[in-house]
Amino acid sequence: MEMDDCLRHRSAVVTTTSLPSLSGTEPSRSRNSSLSDEDDKRDSRNSTETSTQWHSPRGNLFRTISFITSPKRRLSRQSSLTWGHRPSPIVGASCFLFLMPIPLLIRACCYTSAMFLAAVTVSSFLSDHCYTGLESGWHTVDRVLAPMALTSNIYSVYSNCGLAWASLSIFAVMCHLLANHYSKKGMYDHFVIWHSLWHAMGSGLIVFCFLVNSDAGSC
């Protein structure tokens, strides 16, 4: 009898002493779970904010610029237009506007810029009109020549007319960005307008700068 009482007393002591340790683990688990939930919510909130910024108007501009300047895209033979072979007479005719500044550039001894514009006239007509929407090496040639011609002519305007006149090139660049923006969205009519304006604005601003500054631009 005394042996049974002793065993029951010892079992009660063991049970009593083990309860605090069990009860102590539950709050710890609860705290860990709460911290994990807070981390998940914070990550989700940060991801949502990043996604919102990326799809904002400024984010769209950055995505367009990164798309245009991507080396893989620039050296690709593939057309970036989603509607296939759909040549526009307006875009095709606007390619020949690059010939307008050439006499003024030659008069100013800017032979490199004049040469680039002559080459871009050919490459842009073949890429933007003849092989538009099709796979062709002319897309690669045009994507390589266009930024070189732009840079060379900006420098020619800057060296002959000044920085303020050269900064007007931002309007032509914006037309180019908008044309690429609408091409990615598959909006053909908007693309035709802004791509034609890219050609017209780019060549027209060069002519305007040299004509207004008539005392500049002579060898």
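Pick from ARG107, ARG63, ARG29, ARG73: which is modelled with pLDDT under 95, open to solvent by 90 Å² or more (accessible area, probe 1.4 Å) and more than 30 Å from PHE208 (Cα to Cα)? Matching residue, one of ARG107, ARG63, ARG29, ARG73: ARG29.
Contact map, region 77-100: first residue within 21 Å of ILE206 (Cβ to Cβ) and open to solvent by 90 Å² or more (accessible area, probe 1.4 Å), second residue modelled with pLDDT of 90 or more and not acidic (Asp, Glu), Cβ cut-off under 7 Å, separation 6 or more or different chains; pairs are ILE90/VAL192; ILE90/SER196; PHE96/THR121; MET100/SER203; MET100/VAL207. For region 180-201, filtered to residues that are modelled with pLDDT of 95 or more and small (Gly, Ala, Ser), the residue that is surrounded by the fewest Cβ atoms within 10 Å (Cβ to Cβ) is ALA200.
Residue-by-condition table, conditions (1) in contact (Cβ under 8 Å) with a residue 40 or more places away in the chain; (2) open to solvent by 20 Å² or more (accessible area, probe 1.4 Å); (3) in a helix (DSSP H, G or I):
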site: PRO103; (1), (2), (3): no, yes, yes
site: THR112; (1), (2), (3): yes, yes, yes
site: ALA118; (1), (2), (3): no, yes, yes
site: LEU126; (1), (2), (3): no, yes, yes
site: GLU135; (1), (2), (3): yes, yes, no
site: LEU145; (1), (2), (3): no, yes, yes
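Going through (1) open to solvent by 70 Å² or more (accessible area, probe 1.4 Å); (2) in a loop (DSSP other than H, G, I, E, B) one by one, PHE171 falls short only on (2). Do the conditions hold for ALA149, that is, is it part of a helix (DSSP H, G or I) and either open to solvent by less than 50 Å² (accessible area, probe 1.4 Å) or in contact with a His (Cβ under 6 Å, 6 or more places away or on another chain) (or both)? When the stated conditions are applied, ALA149 passes them.
The values are calculated or read from the model by the stated rules, or taken from the named source; none is laboratory data. No experiment lies behind these values; they were computed from the predicted model shown. Neighbour counts are summed over all protein chains in view; Cβ atoms, including those assigned to glycine, are modelled from backbone coordinates with ideal geometry. Ligands, DNA and RNA are stripped out before the accessible areas are found, and what is left, the full protein with its side chains, is counted by its heavy atoms. Shrake-Rupley method; radii C 1.70, N 1.55, O 1.52, S 1.80 Å.
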